[in-house]
1. Could you tell me which chymotrypsin sites (Phe, Trp or Tyr not before Pro) in the range 400-445 are loop residues by DSSP with no more than 16 other beta carbons within 10 angstrom of their beta carbon?
2. Using 0.36 nm times the number of residues separating residue 587 and residue 529, minus their current alpha carbon distance, what extension gain do you get?
3. What is the range 101-228's relative contact order, in percent, from Cα pairs under 8 angstrom and six or more apart in sequence?
4. What is the Cα convex hull volume of the range 14-54 when expressed per residue in Å³?
5. How far, in degrees from 0 to 90, does helix 2-29 lean away from the longest principal axis of the Cα atoms of the chain, to the nearest 10?
6. With every protein chain present, what is the per residue accessible area of the chain (1.4 Å probe, Å²)?
7. Taking only Cα atoms of the chain, what ratio of Rg to Rh do you get with Rh as the Kirkwood inverse-distance radius?
8. With every protein chain left in place, what is the accessible area of residue 380 in Å² (1.4 Å probe, nearest 10)?
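The values are calculated or read from the model by the stated rules, or taken from the named source; none is laboratory data. Only a predicted model underlies this, so the values are computations on that prediction, with no experimental measurement involved. Here the Cβ positions follow ideal geometry from the backbone for every residue, glycine too, while neighbour counts run over all protein chains shown. Note: accessible area is taken over every heavy atom of the protein model, side chains too, but ligands, DNA and RNA are not part of it. Shrake-Rupley method; radii C 1.70, N 1.55, O 1.52, S 1.80 Å.
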Amino acid sequence: MFDTLIAGLVHGNAYALIAVGITLIFGVTNVINFAHGAIFAFGSVLGWWLIAQHGAPLWAAIIVVVGVTALVGVGIDVLAVRPLRRAPAISALLATVAAGLIIENVVALIFGPETRPFPEVLSTNNFRVGGVRFGTSDVVMFAITISVMVGLWAFLRFGRYGLAIRATAQDPDAAAQMGISVGRIQSLAFAIASGLGGLAGIFVGLYNSNISPTSGSIVGMTGFVAATIGGLGSIPGAVLGGIVLGLVEAFGIYTFGDGYRDLITFGLLVVFLVLRPGGLLARPPAIESEPLTGTFLGSGRLLRVRWWHALIAFAIAGLVIPAVSNDYGISVGTQILAYAIIAVSMTLVAGSAGQLAIGQAGPIAIGAYTSAVLTVSHGWAFLPAIIAAGIVAAVVSSVLAAPLWRLGGHYVAIATLGIGIVTVALIRNWESVTRGSYGIFGIPPPELFGFEFVTHTQIFQLELVVLAITLAVILGMQRSRLGTAIRAIGADEVAARSAGVPVRDYKALAFAIAAFFSGIGGSLLAHQYSYIDPTVFNLPMSLLVVTILVLGGTASPYGAVLGAVVLIGAPEALRLAPELRIVLYGLVLLLVVRFRPQGILVRRERVRVTA
């Protein structure tokens with residue numbers, strides 16, 4: 001038991017370093033830096049490279065890693081965040097997501113994607129107190145962390161630039177009027193935070209004895225959970241949140257097993273968001289004033305696509321493409337259509353209701369597993385199975401998300417991400433039904449009225465029909481009175497509430513409809529793959545859906561289809577490796593957010609000036 005306590009404190013130590021970085025950037029810039037996990041992974045790989053490949057001593061590796069990761073942090077601020085200072089705050093969040101994708105996969109390309117052992121530069125098992133063994137590495141990590149925290153506190157409390165950071169965090173405009181260079185202070189915050197992330201990367205490498213360039217996503221999200229538990233914007237809260245999360249995670253894994261790690265971590269996030277959204281040490285009223293929400297509504301007007309335009313496009317897609325394309329091209333087309341179905345439905349949430357949801361892998365997984373279990377284990381036919389997949393995805397997602405609609409700002413987006421990860425964790429651990437990590441084999445191809453869709457061309461045409469139905473439903477809803485009410489919420493939530501629009505109910509309804517079609521899309525993917533396991537429904541899948549949505553225009557169903565064609569079709573056409581493909585996703589997302597935030601099928605509004 002005492003071993004578990006030590007393990008919890010060591011992990012909590014690293015989580016605290018990451019959480020402090022995230023909360024420092026949030027406090028100064030009001031941006032949640034989703035690239036922080038990639039910085040952590042880069043720090044661990046760079047530390048391994050210096051120590052294992054070049055024989056550098058630990059102290060020298062720490063200095064170099066902290067310095068280099070601090071520079072990378074400044075680069076993220078200058079290239080991705082600072083140009084969006086006057087843009088809707090959601091833009092900067094998406095820009096950091098893109099920066100994280102780029103950094104993580106560029107590191108994998110340079111150093112290799114494989115997991116490798118971290119050198120044992122300090123003893124890990126040379127002390128014994130009572131029945132507990134620990135090593136010099138644990139003592140050194142604690143000592144460095146405490147020194148860093150004390151030094152950071154003294155810097156922020158007494159240092160000239162520390163005072164400037166605090167002033168900028170309280171009121172950037174007032175700080176600028178007092179002569180503080182807000183841009184430089186924000187870069188300084190990014191440098192400090194990223195240096196701490198790099199240091200945490202070395203610590204986790206020392207403790208776990210292995211590192212991977214792709215480990216940043218989940219560790220960064222865990223640090224983000226710690227920051228949320230402590231209270232975003234509160235540095236003492238981040239330290240406390242890191243320690244609390246480390247201990248809860250360690251004792252949870254000790255009790256239930258390592259397979260429940262994601263369920264414990266992100267379940268704790270959801271519990272805190274529901275019961276105490278402000279965190280342990282932050283002030284809850286700040287939540288209501290968080291501006292990090294909204295969409296790109298108001299920045300443009302949808303390009304009009306007439307019904308016969310769509311009819312011609314579908315005719316070409318259904319008749320010409322199968323005639324001129326080979327089997328590989330058609331299989332890519334089935335992927336495009338499945339993601340298009342999912343993204344089109346998301347326009348109702350992100351575009352109309354004005355609420356970004358970034359955990360859509362959860363409803364997709366529910367739909368895929370529902371259809372797979374019903375057809376493989378219970379002998380259901382495809383048609384009732386796919387309808388059930390959509391209904392179950394809508395019901396389960398709505399029940400899980402029901403407590404969240406009283407939240408405001410970016411907390412809902414965070415919560416949807418947590419719920420998505422919790423959903424997949426539940427599926428992984430429900431082994432009696434889902435077969436756990438082994439997955440489900442032998443999922444039959446779709447079959448309707450005795451006709452079996454076996455070839456890629458047949459599946460392509462089936463999914464084309466489903467996409468047409470999805471577009472008709474979503475467009476019809478957007479043009480109905482219901483759609484008008486939902487758009488009113490997205491345009492001005494406060495005004496809509498004042499006019500008597502039940503904001504929470506309509507947001508929940510839009511989310512349920514999107515979850516229904518995501519479940520349909522998941523079912524089609526399952527029957528197309530014939531095999532699924534929990535690793536299919538990962539964070540990159542959720543981010544890919546968001547990227548498709550932003551590229552096409554969050555309120556444009558036709559734009560979502562075009563986004564799927566570009567982001568899935570182009571990398572396949574170029575036969576890019578998976579790492580290059582994700583780098584491309586990141587670049588596209590970054591460029592779209594920076595230069596065309598309204599999307600490619602949305603016309604920018606111009607103010608007419610009369611003479």
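1. On the way: sites: 405, 411, 430, 438, 441; in loops: 430, 441.
Loop-located and lightly packed - 430, 441.
2. Numbers: separation 58, 0.36 × 58 = 20.88 nm, distance 2.81 nm.
Length gained between residue 587 and residue 529: 18.1 nm.
3. Numbers: 88 pairs, mean separation 47.6, N = 128.
Reported relative contact order: 37 percent.
4. 64 Å³
5. With both axes taken from Cα atoms, the answer is about 70 degrees.
6. On the way: 25250 Å² over 611 residues.
Accessible area per residue: 41 Å².
7. Values: Rg = 24.4 Å, Rh = 25.0 Å.
With Rh from the inverse mean 1/r over Cα pairs, Rg/Rh is 0.98.
8. Counting only protein heavy atoms, the figure is 120 Å².
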